[in-house]
Amino acid sequence: MRILIINGPNINILEKRNKKIYGNRGYDDLKKLIETRARKLKVEVEIFQANGEGEIIDFIHREGFKSDGIIINAGAYSHYSYAIRDALEVLAVPKISVHISNIHARESFRKRDIIAEVCTGSICGLGLDGYLLALEYLAGKT
């Protein structure tokens with residue numbers, strides 16, 4: 001089983017962001033957590049991060065059709081990128097939208113996740129553990 005983990009803008013500087021919202025761990029910590037859990041679950045993961053919308057779409061087009069599932073934290077693009085939404089919508093694999101923070105307890109523009117509308121499920125507000133829960137869910141789909 002091959003699962004893609006797609007991260008959008010500013011996830012690469014996680015450790016520099018608001019600690020009250022995003023916690024103390026950085027992007028390298030996130031990658032290690034995911035890789036460790038993937039080994040235990042005996043699934044292959046490919047972790048990708050880009051700050052540009054086009055780069056994310058290109059990755060989805062290139063790798064999405066060869067995957068068995070997708071976990072995506074599109075960052076701010078989650079709230080307005082119909083292009084990323086459309087790229088995901090055509091994929092016939094389970095997809096989980098993940099947010100580190102609770103988007104429903106934040107600014108009004110963050111409350112709607114248009115990416116989640118084309119996903120199997122959505123996890124928010126559980127910090128980095130949200131990725132691990134999504135990974136366990138997808139690994140259990142085999």
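The values are calculated or read from the model by the stated rules, or taken from the named source; none is laboratory data. Since the model is a prediction, treat every value here as computed from it, not as a measurement. Counting neighbours? That spans all protein chains shown, and the Cβs are built from the backbone with ideal geometry, glycine included. SASA here: full protein model, heavy atoms, side chains in, ligands and nucleic acids out. Shrake-Rupley method; radii C 1.70, N 1.55, O 1.52, S 1.80 Å.
Only one of the values (1) 114; (2) 294; (3) 91 was calculated from this structure for volume of the Cα convex hull per residue in Å³; name its label. Read-out taken from this structure: (3). Residue order by solvent-accessible surface for LYS19, LYS32 is LYS32, LYS19, largest first, with ligands and nucleic acids left out and a 1.4 Å probe.
Using a 1.4 Å probe over the heavy atoms of the protein chains, calculate the carbon and sulfur portion of the accessible area of region 18-60 as a whole percent. Heavy-atom surface of region 18-60 belonging to carbon and sulfur, 1.4 Å probe: 45 percent.
Summing charges over neighbours of TYR22, with a neighbour being any other residue whose Cβ is under 10 Å away from its Cβ, gives +4 when K and R count +1 and D and E count -1. Here the simple spin-label model places points 7 Å from the Cα toward Cβ, and for LYS19 and THR36 these points are separated by 2.1 nm. Rolling a 1.4 Å probe over the protein heavy atoms gives region 1-131 an accessible area of 48 Å² per residue.
Backbone amide hydrogens, once placed in the peptide plane, bring LYS95 within less than 5 Å of ILE70, THR120, GLY121, excluding anything fewer than 5 places away on its chain.
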